[in-house]
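The values are calculated or read from the model by the stated rules, or taken from the named source; none is laboratory data. Predicted model, so just to flag it, every value in this text is computed and none were measured. Note that we place each Cβ from the backbone using ideal geometry, even for glycine, and neighbour counts take in every protein chain shown.
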Amino acid sequence: KMPKKSTKSKSKRMTLRQKYKVIRKVKEHQKKKRRDERKSGKANKPLKDPGVPANWPFREEFLKEMAWKKAQILAEEQKKKDDKKKAKLARKQAEQEQDAKME
């Protein structure tokens, strides 16, 4: 006959030696993870732009210039996206024409 399993939940007590061992292992693991992250060259999160102070000389001109640059970048990205879309459509049409010729 096998002994019956206890219906009571197992105690969560542990020796201090075991407790500190677990803490040490966790600390070592986190240290290793951070070291590997540094070695792999993973870039840190970029800092947020604090903006332009209110008493900055020529603030309005600077803000207008920055807005214009941002608009230029967005327009450039949109143009690239449109060019990609056109190229994809052209490729698709060329493939369809080839398929039509082969049949």
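Consider only pairs whose beta carbons are under 7 Å apart and that are at least six residues apart or on different chains; among these, list those whose first residue lies in the stretch 62-82 and is under 24 Å from GLY51 (Cα atoms) and whose second residue is not aromatic (Phe, Trp, Tyr).
PHE62/VAL52; LEU63/VAL52
Give just the number: which of (1) surrounded by 10 or more Cβ atoms within 10 Å (Cβ to Cβ); (2) part of a loop (DSSP other than H, G, I, E, B); (3) at pLDDT below 90 does GLU37 not satisfy?
Only one criterion is unmet by GLU37, namely (2).
Residue under question is GLU103, and the condition is that it be exposed (fewer than 10 other Cβ atoms within 10 Å of the Cβ), out of contact with any Cys (no Cβ under 6 Å at 6 or more places or on another chain) and among the acidic types (Asp, Glu); does it hold? Don't jump to the end; show me each part of the working.
Numbers: exposed (fewer than 10 other Cβ atoms within 10 Å of the Cβ): yes; out of contact with any Cys (no Cβ under 6 Å at 6 or more places or on another chain): yes; among the acidic types (Asp, Glu): yes.
Criteria met by GLU103.
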